[in-house]
Amino acid sequence: MTILSEIQIRELKNSLENSGLPYRENQDLSVHCSFKIGGTSPIMVEPETQEQILETLSVFKKLELPWKILGGGTNILISDHPNDFVILKLSGGFKEYKDMGEGLFQVGAATNTTPIFRQISQKGYTGAEFLSTIPGWTGGAVIQNAGCYGGELFDLIQEVEFLRNGEVLKRKPSEIEHGYRFTEFLKRKDSIILSILIKLKPGNLEEIETSLKEKRDKRNSSQPQNKKSAGSMFKNPKVFDEQGKEIKAWQFIDKVGLRGLQIGGAQISPEHCNFIVNTGGAKASDVYGLVNTVQEKVEKETGVILQREVEYFGSIP
């Protein structure tokens, strides 16, 4: 890890100011994520248009600066020392969505999924109710093919608009590698999601409201409430019992006796042990220790390898 020098930061600030690009200095990243964990970033650039994104990337390239894109911060664990890269975070028009008519909606990558998909559903269209229970930004939901209650975002997508190698591309789902909690964007860090086009069916508004409430209540009853976390830590391993019923990740964690285990300020939730929660002052290194403990003990005692669903952002631990 090579920490960015004062000279690099000064050169970057000069270039950003000369280009009229919006940025902020010394950002505490713990306030930009649901885990409330993370160190201080020297520079966060917040482009509001495609042109500003391209200009920002041009500046980064010219100065040979490593960078990462940060979205809603709900499914990531941010480094305790994010001072070896700079951050790009979409703003402006990327926070909006458009009703295109006939059940078509163009949704910006920086829209907040919970209120946006609730609003879209309440227009009388069905199929996206499950997304109203998933926190975060739409761009991140695309990258991980977010889903729950039998639905996945890619079930609804007609087209993904993204930036790659300086070119704006539009691809249909069939042209994008994707699967359970996975897309090619997880592997290709050179892509920036800009927006998606989704297609929904008209539905009965009363039934839609009932569906929204049922899913919200189910989510609230099955997850730790008012606790700082990044959501489900591990993917369900696609293992089934003798009756053909899927065994969830949390069941393996519970089986090996790790419910409630705590390292520093991080704890395997006593309420739902596929969640690691920040009980106060947790570091990324604390969470890292719990993740490794879970993976090692579950594999040793059950033979099952649990894969992280939460992405590491920067150098961990």
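The values are calculated or read from the model by the stated rules, or taken from the named source; none is laboratory data. Here the structure is a predicted model, which means the values were calculated and not measured. Please note: Cβ atoms are built from the backbone with ideal geometry, for glycine as well, and neighbour counts cover all protein chains shown. Surface accessibility is based on the protein's heavy atoms, side chains included, excluding ligands, DNA and RNA. Shrake-Rupley method; radii C 1.70, N 1.55, O 1.52, S 1.80 Å.
The conditions of being under 25 Å from the mean Cα position of the chain (by Cα), part of a helix (DSSP H, G or I) and closer than 14 Å to Phe313 by Cα are not met by Ser34.
A single member of Phe185, Phe162, Phe252 is under 30 Å from Ser30 (Cβ atoms), assigned to a helix (DSSP H, G or I) and within 19 Å of the chain's Cα centre (by Cα), and it is Phe185.
Out of all the residues in the stretch 275-289, is one or more of a type in the set (S, T, N, Q), exposed (fewer than 14 other Cβ atoms within 10 Å of the Cβ), touching a residue at least 24 places away in the same chain (Cβ under 8 Å) and closer than 15 Å to Gly231 by Cβ? Looking for residues that are of a type in the set (S, T, N, Q), exposed (fewer than 14 other Cβ atoms within 10 Å of the Cβ), touching a residue at least 24 places away in the same chain (Cβ under 8 Å) and closer than 15 Å to Gly231 by Cβ, one finds none in the stretch 275-289, hence no. From the set of residues in the stretch 60-101 that are assigned to a strand (DSSP E or B) and under 30 Å from Pro202 (Cβ atoms), which is least open to solvent (accessible area, probe 1.4 Å)? This residue is Gly101.
The set of residues in the stretch 102-112 being open to solvent by 30 Å² or more (accessible area, probe 1.4 Å) and either more than 25 Å from Asp28 (Cβ to Cβ) or assigned by the TED database to the domain that holds Gly281 (or both) consists of Glu102, Leu104, Gln106.
For the stretch 230-250, the candidate set comprises residues that are among the polar types (S, T, N, Q) and either surrounded by fewer than 16 Cβ atoms within 10 Å (Cβ to Cβ) or touching a residue at least 40 places away in the same chain (Cβ under 8 Å) (or both); within that set, the residue that is farthest from Gln307 (Cα to Cα) is Gln243.
Scanning the stretch 190-218 for residues that are open to solvent by less than 70 Å² (accessible area, probe 1.4 Å) and in contact (Cβ under 8 Å) with a residue 40 or more places away in the chain yields a total of 13.
In the stretch 113-121 there is at least one residue that is in the same structural domain as Glu167 (by the TED database) and open to solvent by 60 Å² or more (accessible area, probe 1.4 Å). Would you check if there is a residue in the stretch 238-247 being under 24 Å from the mean Cα position of the chain (by Cα) and modelled with pLDDT under 95? For the stretch 238-247, residues under 24 Å from the mean Cα position of the chain (by Cα) and modelled with pLDDT under 95: present.
Sub-8 Å Cβ pairs linking a first residue in the stretch 1-28 that is more than 13 Å from Leu65 (Cβ to Cβ) and in the same structural domain as Phe60 (by the TED database) to a second residue that is open to solvent by 40 Å² or more (accessible area, probe 1.4 Å) and in a helix (DSSP H, G or I), at least 6 apart or interchain, are Ser19/Glu55; Leu21/Gln52; Leu21/Glu55; Pro22/Gln52; Glu25/Lys13, ordered by first then second residue. Against the list (1) among the hydrophobic types (A, V, I, L, M, F, W, C); (2) open to solvent by less than 50 Å² (accessible area, probe 1.4 Å); (3) more than 19 Å from the chain's Cα centre (by Cα), the condition Ile305 fails is (2). Here is the figure for the stretch 37-59: residues that are touching a strand residue (DSSP E or B) at 6+ places or on another chain (Cβ under 7 Å) and not in a loop (DSSP other than H, G, I, E, B) total 9.
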